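Written below as structure tokens is the structure these notes are about.
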Amino acid sequence: MTHLLLGINIIFPIFFVLFAGYAAKEKGFLDDAFVKKATWLVFYIALPFKLFNDMRTADIHTLHLPYVIYILSGICIIFFGTWFIARFFIKDRKQLSAFVHCAYRSNFVYVGFPILDALFGTPSAEHVMIVTAFGLTLYNILAIFILTYYGEDSGARIDPAAIAIKVLKNPMIIGILAGLAFHFLRVPVYGGITDGMELLARLSTPLSLILIGASLDFSSLKDDLPLILAAAGIKNIVVPLLLIPLGMAMGMGKVELGIAYVFWATPCAVNCFIFTREMGSNYRLASKIITASFLLAIVTYPVGIAWMKAAGLL
């Protein structure tokens, strides 16, 4: 019970801010135009500066290759496993691509970072960098792949070069790579600039949570309920239940498993809605899965943290 209360205490502030954003939207104080502009601010400025500063000042000695393999293998297991099974039950191409996309992709940057801060205070930058740089890159590659494969144009050609360019143009990847370059080359940065970047970095967490809350839509969850519950269940429950034991079998330590748990258990990414809408998939289904995943996380996150604590894994 003590561990469960600890889990609730860690998660409650995150979802309190998130649902404050939802309440502000429902009361008419936040509209779609504000969400769109503020999302741009977080995605292109606040988060990249946060990642740049974290990498620039991180205590990074080496790249932990087994952890890289663990993260990439876990993503591939869930992605291809979900795709292989779902294609027998979902015949509509757009539904299938949206389902698979939402089932494997977590909202690690927007929601996972605040939870890591609550769990660890200052999480291991070395391991966070691996999850962010390698994990999010593979997320994007697989998303572009499946949404193109099942896109409106069934004969669309998947272009590896175009995918690589899109990944490298991602602001978060740019922030990480620039931060690592400044770190290893020991490039000096004027203190006033670093202080300004830290102020922007502090903006990213609360504003991200408010924007996620303002993006949730509970009005039509009853439609496509089996698909919604299945995708949210895979993302929130099946993924950590499968992949945390895999990490234990591979010899991962407490910090590595703790960061991995947040990565695996974080609800479905809001980016899933953006990707599915822009690439001709079923964005309405994606929106419902995202909402259900966040609702489910209110229960699964505290229970998961309690289990990790009780098992001595956190």
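Quotient of the Cα radius of gyration of region 151-301 and 2.2 N^0.38 Å, N being its number of residues: 1.30.
The phi-based Karplus calculation (6.51 cos²θ - 1.76 cosθ + 1.60; θ = phi - 60°) puts the 3J(HN,Hα) values of region 254-262 at 4, 5, 5, 5, x, 5, 5, 4, 4 Hz, whole numbers, x for Gly and Pro. Here's the picture: charge each Lys and Arg Cβ at +1 and each Asp and Glu Cβ at -1 in region 189-283, and of 210, 263, 249 the one pushed furthest to the positive end of that dipole is 249. For region 264-314, the C-alpha radius of gyration sits at 1.46 times the compact-globule guess of 2.2 N^0.38 Å, with N the residue count.
Across region 96-101, rounded Karplus estimates of 3J(HN,Hα) from the backbone phi angles (6.51 cos²θ - 1.76 cosθ + 1.60, θ = phi - 60°) give 5, 5, 5, 4, 5, 4 Hz, Gly and Pro being marked x. Test of understanding: in a Gaussian network model of the chain with alpha carbons linked when under 10 Å, which of 190, 150, 301 would top the mean-square fluctuation ranking? Of 190, 150, 301, the most mobile in the Gaussian network model is 190.
When shorter helices are ignored and each DSSP H run of at least 4 residues is given -39500 (n - 2.57), the per-residue value for the chain at 222 nm works out to -23000 deg cm²/dmol. Among 191, 121, 247, the residue with the largest mean-square fluctuation in a Gaussian network model of the chain, with springs joining Cα atoms closer than 10 Å, is 191.
Among 19, 49, 120, the residue with the largest mean-square fluctuation in a Gaussian network model of the chain, with springs joining Cα atoms closer than 10 Å, is 120. With the simple model of a label 7 Å out from the Cα in the direction of the Cβ, residue 193 to residue 218 spans 4.6 nm. The average projected area of the chain, computed from the convex hull of its Cα atoms over all directions, is 16.6 nm². Accessible surface computed residue by residue for the chain, with neighbouring protein chains in place and a 1.4 Å probe, gives 46 Å² per residue.
Per-peptide packing, taken as the mean over residues of other Cβ atoms within 10 Å, places 176-185, 201-210, 84-93 in the sequence 201-210, 176-185, 84-93 from highest down.
Sequentially through region 263-276, phi angles give Karplus couplings (6.51, -1.76, 1.60; θ = phi - 60°) of 5, 6, 8, 4, x, 4, 6, 4, 4, 4, 5, 5, 4, 5 Hz, Gly and Pro residues having no value and appearing as x. Rolling a 1.4 angstrom probe over the chain with all protein chains present gives an accessible area of which 67% lies on carbon and sulfur atoms.
When the alpha-carbon atoms of region 76-134 are used, the pair Rg, Dmax equals 15.5, 45 angstrom.
The values are calculated or read from the model by the stated rules, or taken from the named source; none is laboratory data. Values in this document were obtained by computation on a predicted structure and should not be read as measured data. Positions of Cβ are backbone-derived with ideal geometry, glycine not excepted, and every protein chain shown enters the neighbour counts. For accessibility, only protein heavy atoms count, side chains too; no ligands or nucleic acids. Shrake-Rupley method; radii C 1.70, N 1.55, O 1.52, S 1.80 Å.
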